[in-house]
1. Which angle from 0 to 90°, rounded to the nearest 10, does the C-alpha axis of helix B:24-39 make with the longest principal axis of chain B?
2. Please rank A:ASP87, B:ASP173, fewest neighbouring Cβ atoms within 10 Å first, as an exposure proxy.
3. Mind listing the label-point distances from B:ASP123 to the same position on all other copies, shortest first, one decimal in nm, points 7 Å along Cα→Cβ?
4. Axis carrying B onto A: which residue of B has the nearest Cβ, and how far, whole Å?
5. Treating the angle as unsigned and between 0 and 90°, give the value, to the nearest 10°, between the Cα long axis of helix A:124-134 and the longest Cα principal axis of chain A.
6. Relative to the compact-globule scaling 2.2 N^0.38 Å, provide the ratio for the alpha-carbon radius of gyration of the stretch B:13-65.
7. How large, in Å, is the stretch B:8-150 by the Kirkwood hydrodynamic radius built from its alpha-carbon pairs?
8. Any idea what the dipole of chain B comes to, in debye rounded to 20, about its Cα centre with Lys/Arg Cβ at +1 and Asp/Glu Cβ at -1?
Number of protein chains: 2
Amino acid sequence: MNIGPYTFAQFKEKAAEFHSYPAPGLLIGAYMVEAAKARLPEGTLFEAVVETKKCLPDAVQLLTPCSVGNQWMSIVDLGKYAVALYDKYSGAGFRASLDLEKLRSYPEIAAWFLKIKPKAEQDSDLLLQEIERAGDGICAIAPIQVEFERLRHARMGRIAACPSCGEAYPAGDGAVCRGCQGEAPYLPA
Amino acid sequence: MNIGPYTFAQFKEKAAEFHSYPAPGLLIGAYMVEAAKARLPEGTLFEAVVETKKCLPDAVQLLTPCSVGNQWMSIVDLGKYAVALYDKYSGAGFRASLDLEKLRSYPEIAAWFLKIKPKAEQDSDLLLQEIERAGDGICAIAPIQVEFERLRHARMGRIAACPSCGEAYPAGDGAVCRGCQGEAPYLPA
């Protein structure tokens, strides 16, 4: 099954280029994104929520104008393989998830997704074949209404120079930046 | 100044395509990413940390193999415009930030970055000219050593079907998935 304007083979190449390899989750995610997108009225200005950091965000970034950096895609990490696209003004949209019942017809996808088989025993050619064959046939699509209060981006507010490191930071974060408060992920120099 | 293999004009087009517009932060971020990358020994397998969700993650995604979805880029949102690229095995790398002293020579960049002028009074042509002229000349680059424990991805563990919504979720999250625990950003159906 095609993925939006791409054949499966074309999208696999695009995925490999951006994501470094055509990960199964990214290919499945691509069908999910297209399935949700197809249900939005033509011309809708939409944003996205992904419920996992794994693979799925890259499907959104490859197939929609939404990216992490432009902040039209929010990551709400619930550890779930689901994505919602919604009208940025009304909040109405569609959420695509994987339907465990429908997955029963695709044992290799089920084994991969539910981690039933150890990786070494998975057949990756068969997995890709099943993904292409299944397309969005393994998705559940449901209308949703996002709660904007849970997604709105924190405003930066006033910018100040941190008296400790000298770098710019949101003044509202405290007397010094959160990096200097101990949140930076680096060892002390 | 060129941005890695791209002229400024070429990168602006690439930025517009992926990010929907050539945001100043993305263009500046691109110079920051290239400045950090240039200091890593040739052939280093590296990963990335960005300290903000704004724009900068897209510079990393456009100029390196690291993406949100492949999880080679971590977002540690400290509200700071800084990015670190580091050897994925040793954790040693370089962090690029904006140097407020150096910014004094580029008043339009400073006005934009420090929010000194309201948006309506900013001169976006001049801003882009200053960004191209400054290149990585407004960056501070420092060696860093990441603390892996602060970046490691949570393991999914065993996957179960949520007895409430029927979807797959990390069993360790509780009796029902975190969406059903009230963390989903949607209004009740």
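1. 90 degrees
2. Details: A:ASP87 16, B:ASP173 20.
Exposure proxy ranking, most exposed first: A:ASP87, B:ASP173.
3. 6.7
4. B:VAL68, 3
5. 80 degrees
6. On the way: Rg = 11.2 Å, N = 53, 2.2 N^0.38 = 9.9 Å.
Expressed relative to 2.2 N^0.38 Å, the Cα Rg reads 1.12.
7. Kirkwood hydrodynamic radius for the stretch B:8-150: 15.4 Å.
8. 360 debye
All of the numbers you see were taken from the coordinates with simple rules; none came from a lab. Quick caveat, the model's predicted, so the values are computed rather than measured. Here the Cβ is made from the backbone with ideal geometry for all residues, glycine too, and neighbour counts use every protein chain on show.
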